[in-house]
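A short write-up of the structure that comes next.
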Number of protein chains: 2
Amino acid sequence: MRVNQLAKNLNITGDTVRFYTRIGLLSPAKSSVNGYKDYSDKDQSRMQFILSARNLGFSVDEIKVIFSRTDQGESACGLVRQMIQQKLEETEKQFEEMVKLRRKLSNAVEDWSHKPDKAPTGNMICHLIEGTYAESSQLEANREASMTPSLED
Amino acid sequence: MRVNQLAKNLNITGDTVRFYTRIGLLSPAKSSVNGYKDYSDKDQSRMQFILSARNLGFSVDEIKVIFSRTDQGESACGLVRQMIQQKLEETEKQFEEMVKLRRKLSNAVEDWSHKPDKAPTGNMICHLIEGTYAESSQLEANREASMTPSLED
DNA sequence: ATAAACCTGTGTGTTAGACACAGGTCAAGG
DNA sequence: CCTTGACCTGTGTCTAACACACAGGTTTAT
């Protein structure tokens, strides 16, 4: 079957199939008649596997590692169990980051509701944003204590 | 001051400063003696603003828009208030996605704990992953009802 | 003068595809 | 047989926000 047929079967775009072919995760035969790529049912299974793995947050490189095992007939299940455990931890961290960002944003909205607009000056672009904290920096270290409550975190 | 001095002042890398210079958000003078870029205090303020904005989740393109106003002496505060409101909504959506992913992952870990490892076959790479759901697809639509509880969502 | 240490700008790599595009292929119509 | 148009193909380039590599210039110490 050709690229767009496979794509349609799995409800994805031809570009996606081409991408995974380009990076070597799919290796279709080349039609001798017109040089078009000819995908087998196994290719479709592989593509389906890729989609499932991506859906769980696995990266392409991680999928490559999995294939490097299974393509030699070895089971990848042990490896996959390890990987997903690690992925769960990463996700937990990112989750915390999201929570922080969300709080930062709503704090800013709240805080700004009491402040007026201002025109920019030489070294002040928009006091609303500048009033928020941005990473520990030399500047911060040297800044005198402000009356404005910090939005950090 | 030169690139690395500015970087040190703000506790970032020289590469970061070079990046923002390259895309035109910073426009240092060129030293006539050696051609090195010469950053002013205003450049440092701009860089600090960029850091604060990035810290709130603003993209470089959004920062460009803000600068395009303030560089003409107009206040960007109104614009910024709008933008942050929108950003808060986007963050909310991403947050939901994180929650979903987290649940998917822990469901998988839980589910897999009852399943054995298996060697790959022609169209089965790792049954653990394949047992999870991956986007509504033609395949899914055609799949017979399984005894395995779906991990979707 | 010369060697070492440090600095600079620029080119390239990174994710996971999306988009553009020149050219090939195919069925219908003349 | 030829042509028109629709559809398809592979490949090159773009994305965000930097990080890294590297050849070559500069500064400092000897």
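The values are calculated or read from the model by the stated rules, or taken from the named source; none is laboratory data. Bear in mind that the values here come from a model prediction, so they are computed numbers and not experimental data. Neighbour counts run over all protein chains shown; Cβ positions are idealised from the backbone, glycine included. Just the protein is used for accessible areas: all its heavy atoms, side chains included, with ligands, DNA and RNA removed. Shrake-Rupley method; radii C 1.70, N 1.55, O 1.52, S 1.80 Å.
Quick grid of which residues meet (1) open to solvent by 40 Å² or more (accessible area, probe 1.4 Å); (2) over 18 Å from B:ASP111 (Cβ atoms); (3) within 14 Å of DNA strand D (Cβ to nearest atom); (4) out of contact with any strand residue (DSSP E or B) (no Cβ under 6 Å at 6 or more places or on another chain):
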position: A:ASP15; (1), (2), (3), (4): yes, yes, yes, yes
position: A:ASP41; (1), (2), (3), (4): yes, yes, no, yes
position: A:PHE49; (1), (2), (3), (4): no, no, no, yes
position: A:SER59; (1), (2), (3), (4): yes, yes, yes, yes
position: A:ILE63; (1), (2), (3), (4): no, yes, no, yes
position: A:ALA76; (1), (2), (3), (4): no, no, no, yes
position: A:GLN86; (1), (2), (3), (4): yes, no, no, yes
position: A:GLU90; (1), (2), (3), (4): yes, yes, no, yes
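Residues that are facing chain B (nearest Cβ under 7 Å), more than 23 Å from B:MET98 (Cα to Cα) and polar (S, T, N, Q): does segment A:39-46 have at least one?
yes
Name the residues in segment A:76-105 that are over 16 Å from the mean Cα position of the chain (by Cα) and within 9 Å of chain B (Cβ to nearest Cβ), would you?
A:ALA76, A:CYS77, A:GLY78, A:LEU79, A:VAL80, A:ARG81, A:GLN85, A:VAL99, A:LEU101, A:ARG102, A:LYS104, A:LEU105
Report the residue count in segment A:65-74 for those that are farther than 21 Å from A:THR16 by Cα and either of a type in the set (A, V, I, L, M) or open to solvent by less than 60 Å² (accessible area, probe 1.4 Å) (or both).
2
Do we have any residue at all in segment B:49-59 that's within 19 Å of A:GLY131 (Cα to Cα), more than 7 Å from every other protein chain (Cβ to nearest Cβ) and of a type outside the set (A, V, I, L, M, F, W, C)?
Within segment B:49-59 (the criterion being within 19 Å of A:GLY131 (Cα to Cα), more than 7 Å from every other protein chain (Cβ to nearest Cβ) and of a type outside the set (A, V, I, L, M, F, W, C)), the answer is yes, since at least one residue qualifies.
Could you grab me the full set of residues in segment A:117-132 that are of a type in the set (Gly, Ala, Ser) and either closer than 14 Å to B:LEU56 by Cβ or part of a helix (DSSP H, G or I) (or both)?
Scanning segment A:117-132 gives a single hit, A:GLY131.
Going by what's in this entry, would B:ASN11 be described as polar (S, T, N, Q), within 12 Å of DNA strand D (Cβ to nearest atom), open to solvent by 30 Å² or more (accessible area, probe 1.4 Å) and touching a Ser or Thr at 6+ places or on another chain (Cβ under 8 Å)?
Working: polar (S, T, N, Q): yes; within 12 Å of DNA strand D (Cβ to nearest atom): yes; open to solvent by 30 Å² or more (accessible area, probe 1.4 Å): yes; touching a Ser or Thr at 6+ places or on another chain (Cβ under 8 Å): yes.
So B:ASN11 fits the description; yes.
When you check A:SER31 against the structure, is it small (Gly, Ala, Ser) and out of contact with any strand residue (DSSP E or B) (no Cβ under 7 Å at 6 or more places or on another chain), yes or no?
Working: small (Gly, Ala, Ser): yes; out of contact with any strand residue (DSSP E or B) (no Cβ under 7 Å at 6 or more places or on another chain): no.
Judged against the criteria, A:SER31 is not a match.
Write out, first by first residue and then by second, each pair whose Cβ atoms fall under 8 Å of each other, whose residues are 6+ apart or on separate chains, and whose first residue, in segment A:106-121, is facing chain B (nearest Cβ under 7 Å) while the second is among the hydroxyl-bearing types (Ser, Thr, Tyr).
Going by the 8 Å Cβ cut-off, the qualifying pairs are A:ALA108/A:THR132; A:ASP117/B:SER75; A:LYS118/B:SER75; A:ALA119/B:SER75; A:PRO120/B:THR70; A:PRO120/B:SER75.
Got a number for residues in segment A:82-106 being farther than 30 Å from B:GLN82 by Cα and of a type in the set (A, V, I, L, M)?
3
For segment A:122-132, enumerate the residues that are within 7 Å of another protein chain (Cβ to nearest Cβ) and open to solvent by 30 Å² or more (accessible area, probe 1.4 Å).
Listed by number, the residues that qualify are A:GLY122, A:ASN123, A:GLU130.
Can you confirm whether B:GLY73 is in a loop (DSSP other than H, G, I, E, B) and more than 29 Å from the chain's Cα centre (by Cα)?
Spelling it out, B:GLY73 is indeed in a loop (DSSP other than H, G, I, E, B) and more than 29 Å from the chain's Cα centre (by Cα).
Tell me whether segment A:65-72 contains one or more residues that are farther than 30 Å from B:GLU110 by Cβ, out of contact with any Ser or Thr (no Cβ under 9 Å at 6 or more places or on another chain) and touching a residue at least 12 places away in the same chain (Cβ under 8 Å). Explain how you work it out, then say what you get.
The initial filter retains those residues of segment A:65-72 that are farther than 30 Å from B:GLU110 by Cβ, namely none.
So far as segment A:65-72 goes, no, none of its residues is farther than 30 Å from B:GLU110 by Cβ, out of contact with any Ser or Thr (no Cβ under 9 Å at 6 or more places or on another chain) and touching a residue at least 12 places away in the same chain (Cβ under 8 Å).
Which count do you get for residues in segment A:21-46 that are assigned to a helix (DSSP H, G or I) and without any contact (Cβ under 8 Å) to a residue 40 or more places away in the chain?
Number of matching residues: 7.
Would you check if B:SER27 is within 16 Å of DNA strand C (Cβ to nearest atom), open to solvent by 20 Å² or more (accessible area, probe 1.4 Å) and not basic (Lys, Arg)?
Judged against the criteria, B:SER27 is a match.
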